[in-house]
Amino acid sequence: MIKQIKSSEIKKFIDSNPNTVLLDVRTEDEWNTVGKPDTKGFGIESFFITISQDPSFLKSVKKNIDKKNQVLVMCAAGGRSIVAANLLANEGYNVLNVSDGFSGNGQDPGWKNIGLPSLINF
């Protein structure tokens, strides 16, 4: 079972887990039109790797993210990120799914809507 975390809990989690990274699995179009989470102020690294059916997703993750890190996996609303989190957990990664994603899931507002730092490229 993949652990869940809400965007509102991320800062506190990172404070207690400094070896955390954020993996955003949305599409490049989403990053460019909706925005990207900006984690510099939290002192952690972000990775932007679109989830796909082919092996390139896992290959890219393995190339960029060390298994010693705690990985927060995010998409727009929590659906794609739970799929990615399961794939990564099966590969031995320690993952948490950001259940409300970047834009919110209808119950919880999401990263952008609670005012966490974001980069928007319009």
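Coordinate-derived values only; no laboratory data. All figures in this text were calculated on a predicted structure; none of them were measured in a lab. Ideal geometry is used to build each Cβ from the backbone, glycine not excepted, and the neighbour counts take in all protein chains shown.
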Pull up the range 72-122, narrow it to residues that are over 19 Å from ASP54 (Cβ atoms) and charged (D, E, K, R), then point me to the one that is farthest from the chain's Cα centre (by Cα).
ASP108
What's the number of the condition SER118 fails, among (1) closer than 19 Å to PHE13 by Cα; (2) surrounded by 15 or more Cβ atoms within 10 Å (Cβ to Cβ); (3) in contact with a Lys or Arg (Cβ under 7 Å, 6 or more places away or on another chain)?
(2)
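Could you grab me the full set of residues in the range 31-70 that are touching a helix residue (DSSP H, G or I) at 6+ places or on another chain (Cβ under 7 Å) and under 19 Å from PRO117 (Cβ atoms)? Please lay out each step first, then the result.
Keep residues of the range 31-70 that are touching a helix residue (DSSP H, G or I) at 6+ places or on another chain (Cβ under 7 Å), which gives 35, 37, 42, 44, 47-51, 58, 61.
Residues satisfying the conditions are GLY35, PRO37, PHE42, ILE44, PHE47, PHE48.
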